[in-house]
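For reference, the structure discussed in these notes is given below.
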Amino acid sequence: MKIYVGNINYRTTDEELKQLFSDFGEVNSVQVITDRISGRSKGFAFVEMDDDAEAREAIEALHESDFAQRTIVVNEARPMKERSENKRGRDHQDRRRY
């Protein structure tokens, strides 16, 4: 199961999150999401665990708990939405004037 972890401290590392979730079972991967340009954390991460029961236990225990001086949000990750052509959500052709 892929787990979303939000509102994490910007200094939180993959290893720190792995340690936190390892209390509930085997952690396959952890990825703190970073900005492509600056390399800084965006304040959220994804944790993957194979055992759904262990993942649900972790979600229940850790949601709205204090971690690294922040109240974290923990829930099952949702599928990513498709992105539009530009940042404003419009296709470039929508702005053409004839």
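Each reported figure results from applying straightforward, stated rules to the coordinates on display, with no laboratory input. Predicted, not measured: the structure shown is a model, and the values here were computed from it. When we count neighbours, we look across all protein chains shown, and the Cβ atoms used for this are built from the backbone with ideal geometry, even at glycine.
Filtering the range 39-74 to residues that are of a type in the set (A, V, I, L, M, F, W, C), in contact with a Lys or Arg (Cβ under 9 Å, 6 or more places away or on another chain) and within 15 Å of I8 (Cβ to Cβ) leaves F46, V47, A68.
The C-beta contact set for the range 56-84 (first residue free of Cβ contacts under 8 Å to residues at least 60 places away in the same chain, second residue of a type in the set (S, T, N, Q), distance under 8 angstrom, 6+ apart or interchain) comprises I59/N75; H63/N75; E64/T71; S65/T71; F67/N9; F67/T12.
Could you go through the range 26-36 and let me know if any residue there is under 16 Å from I72 (Cα atoms), among the polar types (S, T, N, Q) and without any contact (Cβ under 8 Å) to a residue 60 or more places away in the chain. Don't jump to the end; show me each part of the working.
So in the range 26-36, the residues under 16 Å from I72 (Cα atoms) come out as 30-33.
Those still in the list that are among the polar types (S, T, N, Q) too: 31.
Within this subset, residues satisfying the condition of being without any contact (Cβ under 8 Å) to a residue 60 or more places away in the chain are 31.
Yes: one or more hits.
So which residues in the range 54-73 are surrounded by 14 or more Cβ atoms within 10 Å (Cβ to Cβ) and more than 13 Å from N7 (Cβ to Cβ), if there are any at all? Matches in the range 54-73: E54, A55, R56, E57, A58, I59.
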